[in-house]
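Working notes, structure below.
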Amino acid sequence: MDRLLSFKYYFVASPNADFQYTKLTLAIGLILIVLGFALAFYRKRHLKDPITKKIIRKYPGTLKTYGVLVLILLLVREAGIPFLSMRFLWLVLAGFFIYSVMKILFTYNREYKKRYTRAKKQGLINKYLPKRK
């Protein structure tokens, strides 16, 4: 536990080459990429709500990006490239991922309500406009 709290543990240029979580990290990266493709497919083919379609438009790309970044960091770690395989980069990536997930969880309902009221108001206005031919 003491080494997790030390500054040197996260900023050593070449971490220990004996990385035990290669398969787990590879699986996490691939799962994020597959989830990105699955969410894009679901959004395009099966999702009927236009508001939700617009809100989750950027989420598949974000999932794919995080998956690719995990795979790149894993490749760099396995290759043993100094300074690019620092544990600090994993912390930065994990921090951004947690921030993205929390942002999605806390802003989705608020964004949906705002867009729904705007669409409802626009529907009331469009009722009195002439129809297109």
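Observations, loosely collected:
- Single condition M1 does not satisfy, out of (1) exposed (fewer than 12 other Cβ atoms within 10 Å of the Cβ); (2) at pLDDT 90 or above: (2)
- Looking at segment 1-55, the helices (runs of 4 or more DSSP H) lying wholly inside it that each contain 3 or more residues that are without any contact (Cβ under 8 Å) to a residue 12 or more places away in the chain sit at 22-45.
- When residues of segment 78-133 are limited to those that are among the aliphatic types (A, V, I, L, M) and not in a helix (DSSP H, G or I), the one nearest to Y21 (Cα to Cα): M86
- Filtered residue count, segment 5-51, keeping only those that are surrounded by fewer than 16 Cβ atoms within 10 Å (Cβ to Cβ), closer than 30 Å to G123 by Cβ and not aromatic (F, W, Y): 8
- Any pair with Cβ under 9 angstrom, 6 or more apart, that starts in segment 90-103 at a residue that is in contact (Cβ under 8 Å) with a residue 60 or more places away in the chain and ends at one that is part of a helix (DSSP H, G or I): L91/Y10
- Scanning segment 82-133 for residues that are over 26 Å from T62 (Cα atoms) and not basic (K, R) yields a count of 11.
- Residue in segment 61-75 that is under 30 Å from R118 (Cα atoms) and exposed (fewer than 13 other Cβ atoms within 10 Å of the Cβ) present: yes
- Pairing each residue of segment 106-125 that is under 15 Å from D49 (Cβ atoms) with any residue that is of a type in the set (A, V, I, L, M, F, W, C) and assigned to a helix (DSSP H, G or I), provided the two are 6+ apart or on different chains, yields C-beta distances under 8 Å for Y108/I55; E111/I55; Y112/I51; Y112/I55; R115/I51; R115/I55; Y116/I51; A119/I51.
- Residue check for F106: among the aromatic types (F, W, Y), loosely packed, with under 15 Cβ neighbours inside 10 Å, at negative phi and modelled with pLDDT under 95: yes
The values are calculated or read from the model by the stated rules, or taken from the named source; none is laboratory data. In this text, all values refer to a predicted model and were calculated from it rather than measured experimentally. As a convention, Cβ positions derive from the backbone with ideal geometry for all residues, glycine included, and neighbour counts pool all protein chains shown.
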